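The values are calculated or read from the model by the stated rules, or taken from the named source; none is laboratory data. These figures come from a predicted structure and were not determined experimentally. Ideal geometry is used to build each Cβ from the backbone, glycine not excepted, and the neighbour counts take in all protein chains shown. Accessible surface areas use protein heavy atoms only, side chains included; no ligands, DNA or RNA. Shrake-Rupley method; radii C 1.70, N 1.55, O 1.52, S 1.80 Å.
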Amino acid sequence: MSQAAALKVLHVAAEVYPLVKTGGLADVVAALPPALARAGADVRLLLPGLPAILDGVQSARVVVEIGACFGALRVRLLLGRMPDSGLPVYVIDAPHLYRRPGNPYQAGDGSDWPDNLRRFALLGWVAAHLGADDADPDWVPDVVHAHDWHAAMACAYMADHQPTRAASVFTIHNLAFQGLFPLSDQALLGLGSHKLGAGMEFHGQLSFMKAGLLFADKVSTVSPSYAREIATAEFGCGLDGMVRSRGADVSGILNGIDEQIWSPASDALIAAPYDLDHLDGKATCRQDLQARLGLDRDPEALILAVVSRLTAQKGLDLVLAALPALLRERVQFAIQGTGEPALEAAFRLAARAHPGRVATHIGYDEPLAHRLIAGADMIAVPSRFEPCGLTQMYGLRYGSVPLVRRVGGLADSVVDGDAASQTGFVFDAATPAAVEQAVRRALALKADPAGWRALMARGMALDMSWGRLAQQYLALYHQARTARQAATGALR
Ligand code: ADP
Ligand code: GLC
């Protein structure tokens, strides 16, 4: 039996596709654990009992009655199976904290749930108890892998539980969301050691993100470039000093894509399947998209699509500002997203002002996202910062050439500048002029059908599967275990 076959890994996260998704985190949490299982690891998930998770997890049974904690009267730990992968999944059933409608982090009006400290402290606390062998004696992880601030307290509670045999790995998907709470709420965390609470202090607040950064045995982020960027003041969101202090403990592994879900040859959500040798399906998807969105049926137009949260991070204001100049060219825009009301309104307005040329769909719609990515000629991701980004990789897979800013995972996944290896268009400045210039370069290449086809072909042929990346995570887990062994002096 290989070493990997014995490794027990617990993934802890607040969202997972297809049950609960607010962004790429859910896609990663759905795809990485099964890839690790295929690589021989013994993998389970731990999720909060949000309504869609309780409804979607199959054959759940009670593992342990935890009782009253974190302000909830009745907390139980359930064990069931994920609907798609069949992976075992622990679910924390805490009706008072989790059984409420909508978003895992926010109420319908966009404000954070007022008890988020308790809700996500509980998630980390249960993870630490699983890691410490006192929640489910039948299965004790070797590695607890916590995703983003929502799960970061696992690392603090594990440090509190010394010596915990399990190692902790903390993955930062987005340093900009930190989980900040009033310092005066520290007592609610129930940490045994005052030093831990003091370590989490961040400019007069408690920072769950900092807890992950400080207490995890190893820290990773979702691209090598972002791992370097967050050590700088420009991208570090105030935590760059902390990142630098962890030195080589911080590394980056580029995300992959789930090819079961994102593959034009087998995607049941798109108008026609296609692959590199049968691109007529892509032409069908293109026509379908134009018809569906009310865009002019212009076979020559360059369709530039966006599927994104509409927030400052994503840089879509740059696209808006470049729109008037680009609409003088044969370009059409297909925008899908939700987010800041001002951006939503501006894209709606652009669609009204330019019928047939600009189509805006404000809303969250998974099937439409597939249709946009399949039917477009290009996917634009002009982010100000981007830990990884997934839609540019979906674009590569679907022959929809990415147009991205040179930051984070966008810089790591799209190649520009060398005709033989080019897979997309990459620009540097966060300005409308830079977007415009990159689109003009694309238009020039699109005028050469053979050159454009070769560009698409290089992207479609890339290996972006999770299989190879799972090996990188397994290597990271072994490093984390070695670090933990050094720290505690004993692994079982
Ligand atoms: P982030 O996690 O920062 O939002 P990513 O590119 O990593 O960015 O992941 C975004 C994910 O959310 C992708 O799977 C994308 O297709 C999806 N997505 C974003 N906005 C929408 C939307 N309005 N409708 C459907 N899917 C969306
Ligand atoms: C975050 C980041 C995004 C990344 C995703 C999955 O939401 O903003 O860049 O792709 O997490 O790791």
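The Cβ shell under 15 Å around residue 452 holds other residues with a net charge of +4, Lys and Arg each +1, Asp and Glu each -1. With distances taken between every two different alpha-carbon atoms, the chain has a Kirkwood hydrodynamic radius of 23.3 Å.
Each helix, a run of at least 4 DSSP H residues, gives -39500 (n - 2.57); summed and divided by the residues of the chain, these come to -11500 deg cm²/dmol at 222 nm.
In this label model, residue 297 and residue 431 are separated by 4.2 nm, measuring between points 7 Å along each Cα→Cβ vector. Within the accessible surface of the range 280-460, defined with a 1.4 Å probe on protein heavy atoms only, the carbon and sulfur portion equals 55 percent.
Relative contact order, whole percent, for the chain stands at 12, derived from Cα pairs under 8 Å and 6 or more residues apart. Cross-link partners for residue 8 among the lysines, with Cα-Cα distance under 20 Å and sequence neighbours closer than 8 places in the same chain left out: 218. Taking a 27 Å limit on the Cα-Cα distance, which of the listed pairs 21/195; 21/446; 21/210; 195/314 fall beyond it? Result: 21/195; 21/446; 195/314 exceed 27 Å. The relative contact order of the range 280-460, computed from alpha carbon pairs under 8 Å that lie at least 6 residues apart in sequence, is 21 percent. The three principal axes of the C-alpha atoms in the range 417-459 carry coordinate ranges of 30, 19, 13 Å, sorted with the longest axis first.
When each of the peptides 237-249, 143-155 is scored by the mean number of other C-beta atoms lying within 10 Å of its residues, the order from highest to lowest reads 143-155, 237-249. Protein heavy-atom accessible surface, 1.4 Å probe, per residue over the chain: 38 Å². Taking only the alpha carbons of the range 280-460, we obtain Rg and Dmax values of 14.5, 42 Å in that order. Overall, the accessible surface of the range 11-95 at a probe of 1.4 angstrom is composed of carbon and sulfur to the extent of 50 percent.
Overall, the accessible surface of the range 228-274 at a probe of 1.4 angstrom is composed of carbon and sulfur to the extent of 54 percent.
Taking every C-alpha pair closer than 8 Å and separated by at least 6 residues, the mean separation divided by the residue count of the range 123-245 gives a relative contact order of 23 percent. Gain on full extension, evaluated as 0.36 nm per residue between residue 471 and residue 321 minus their Cα-Cα distance, stands at 49.8 nm.
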